[in-house]
1. Determine the gain in length on full extension of the stretch LYS248-THR386; use 0.36 nm per residue of separation and subtract their C-alpha separation, reporting nm with one decimal.
2. Leaving out same-chain residues fewer than 8 places away, which aspartates and glutamates sit with a Cα under 20 Å from that of LYS74?
3. Could you work out how far the C-alpha centroid of region 239-290 sits from that of region 115-135, in angstrom?
4. So between ILE84 and GLU354, what do we pick up on full extension, going 0.36 nm a residue minus the alpha carbon distance?
5. Mind sorting VAL128, VAL331 by how few other Cβ atoms lie within 10 Å of their own Cβ, fewest first?
6. Which of ARG385, ARG277, ARG62 has the fewest other C-beta atoms within 10 Å, and how do the rest follow up to the most?
7. Taking amide H positions as placed in the peptide plane 1.01 Å from N, state which residues far from LEU242 in sequence (5 or more) or on other chains have amide H under 5 Å from it.
8. For LYS60, which lysines qualify as cross-link partners when the Cα separation must be under 18 Å and same-chain residues fewer than eight apart are set aside?
Amino acid sequence: MSEAKTYDVLVIGGGVAGVAAALQCARSGMRTALVEKTVLWGGLATTGLVPIYMPLCDGKGRQITFGIAEELLKGSIRYGRGDIPAGWAKSSGAAGQEVEDLYPEACMGKRYMTAFNPAAFALGLDEVLEDCGADLWLDTLACTPILEGGTVAGVEVENKSGRITIRAGCVIDASGDADIAARAGAPCQELGSFPSFLYQYSSLELAREAVAKGSAEKLVTWHGGGSANEFDKGYEGTTPRLSGVRGKEVSAFLIESRRIARQKLAAEQAACGPDGRKQLYPAALPAMAQIRMTRMIEGHQTVRTDQCNNRCEASVGLIADCRKIDAVWEVPYGALVPKGAANLLVVGRCVSAEGYAWQVTRLIPAAALTGQIAGVAAALAVRGRTSPNRLEVADVQRAVQDKGIVLHV
């Protein structure tokens, strides 16, 4: 080993969930390391070019998600496009009514959400992380968990310096794919996704509209295509669902997704005339696979579809559906605690969820919320010289409530 490091808390993955966890840990006085395999923070929101911060409200004018999730929403537009609605119009939809026909543009002025520019969000995340005092590791790949019995004592990582051993009092898996949990032997479930592709493009028509409006907000916008949409119902194509946790399937997902995008781009350029490639062209491609749900842990508790708007005594925060009005879930602490691996918390899109509820737990607000909750729990565990799975839920609840987080519907 070329190096060895020790921290109070080690966070693996610098997406929104990992950023929130690292912020909370560092602000709690923990010696914190945040490890990210790419060169940008934000995960799918930035490197993955997914430009919508989903709602913090229930769609009927009531905010339900607070804390770092709200801080990051505001930070997502600090250096770029997007607006926070001054207020939220009360929807005429009944509780649980699907609003697919409104999603997302028509919902923007009604719900506490915003579109943002991924590059601007990445710069905002740089700023907030630099200020928090965490030790930041970019371009660093997490490899193997360090196991002592059934306890995750740290993770071996690798970067330009070689292989590095990082030990910690508590480890938070924010990889988005439960990589550390799975490699530590924790039971997991897999789903994957159909090939799909969201990328930025610009055109002469967009430039003309920008000049006419005196705003560059939509000078660059988005195109999508493939076999999966927000509702996982499918666009065109017959490609099967592919896993996001096996190397060759990730490669197949990326190649097929870009092939679909290339075909659509060629057709659109041809429609612009003989100079179509100069009239409309791609401005940026995602630098990671846009697979929404890959692998999740089997937790000591689970966010269940049938628990929508129901009370959960072990709740540590609330998350809302972006597709339905008045559809809120209480997140139990045990959903972040994997079975079969001690000293480990799992956050973001790979927390324990079931059925449709997984479509909700994978969204940005849920990622930020679970990241902050894990940061609170990790600090409690380190100070108490214990493992997160041994914490009293009531102690975690009191600590998150002190951060302004609401626990019950």
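1. Between LYS248 and THR386, full extension yields 45.8 nm more.
2. Within reach: ASP58, ASP83, GLU105, ASP126, GLU127, GLU130, ASP131, GLU217, ASP321.
3. Each part's Cα centre sits 28 Å from the other's.
4. Going from the current span to full extension adds 94.1 nm.
5. Numbers: VAL128 17, VAL331 29.
Ordered from fewest to most neighbouring Cβ atoms within 10 Å, VAL128, VAL331 come out as VAL128, VAL331.
6. ARG385, ARG277, ARG62
7. Counting only residues 5 or more places away or on other chains, the set is SER193, PHE194.
8. By straight Cα distance, LYS60 reaches LYS90, LYS110, LYS324.
Bear in mind these aren't lab numbers, they're just calculated from the coordinates by the rules spelled out. Computed from a prediction, not measured in an experiment: that's the story for all the values here. As a convention, Cβ positions derive from the backbone with ideal geometry for all residues, glycine included, and neighbour counts pool all protein chains shown.
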